Structure formats: structure tokens, C-alpha cells
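The values are calculated or read from the model by the stated rules, or taken from the named source; none is laboratory data. Keep in mind the model is a prediction, meaning the values are calculated, not measured. Positions of Cβ are backbone-derived with ideal geometry, glycine not excepted, and every protein chain shown enters the neighbour counts. Only protein heavy atoms, including side chains, enter the accessible area calculation; ligands, DNA and RNA are left aside. Shrake-Rupley method; radii C 1.70, N 1.55, O 1.52, S 1.80 Å.
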Amino acid sequence: MPDELNQLEVKPSVAKRIRFGAYQLDVAPLDAGEVQAVLSKIGHLAPLVPTIKGMEDVVVLIGDHGAAVLSAAALAARLPDETVQSLMPDEAIELMLGLLEVNFEFFLPRMAQLTQRTSGAAERIRYLRQYGTAGGQSQQH
């Protein structure tokens, strides 16, 4: 970890215990590098993720894109691919649903805040382009 980050205030862990089959695992939300790694496996499936409502949807997703989905689940759970691939189908589905819950519960409120901030910044930029800077000169040429 870069030295600059070591000086930031450390927040308490937001890990959540998920249960799948006879197993349980404490899982924290993905960090930025892990999000990139998971999306490299299933980025083409990202539009489908918000439509997942329950086990039936996960079963269809695994049926259509099994290797990629299981590999992404292994990354998100921080487990070896072989471990996740060796799970019984119901255990793999429970694991994936738990991983979705952990990450959605953590990221959705943060993404909503980021979207609001981004919208506000974009509006200020549009205003400055249209009416100029504080000094009164327009940025358009």
C-alpha cells in the first residue's frame, strides 16, 4: 500500500459473514483493483446484474455463462477458482447471492452519492462554459 494511504483514517471493517451450504465466509466489499479484475471476467454481463432477483436468475446466468461467473465469484470471495468450481451447484448459487448482497449493500449508497456529486460538477462546468469564469470571460471560442 502506498505510504500516502497509510496515513488515511482507517475505517472499521465492513465484512459480512455469508453462508453457503455447510460453509461460511467473512467477505468484505471489493476494492478498486478487485472490481476491475471481476469486471474483466464478467464485464459483458454487467447489464444483467441489476436484474438478478433471486436464485432462478443466478441459475440462468450460470447456465449461460458458467465459467466466467464462477471465476468472478472466486475472485470476489478471494478463493481459488478450483474451490468455487468444486462447490455443489446450490452452494455456488448461495455464495454468489451473498457476494452480490455484500457488494450492493456497500456500493449502492456510495454510488448514489458519487452520481449526485458528478451531476453537480457537470452542471457547474456547463454553467462556466456558457457564462464564463468568475472573471467574466467566457471559455467558448
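Give the residues of the stretch 53-63 that are within 17 Å of Ala76 (Cα to Cα) and modelled with pLDDT under 80, sorted by residue number.
Passing the criteria: only Val58.
Would you confirm whether any residue within the stretch 117-127 is open to solvent by less than 80 Å² (accessible area, probe 1.4 Å), polar (S, T, N, Q), modelled with pLDDT under 90 and within 26 Å of Gly21 (Cα to Cα)?
no
Under 7 Å between Cβ atoms, which residue pairs at least 6 apart in sequence (or on different chains) link something in the stretch 56-70 that is under 16 Å from Leu39 (Cβ atoms) with a partner that is of a type in the set (D, E, K, R)?
Close Cβ pairs satisfying both conditions: Ala68/Lys41.
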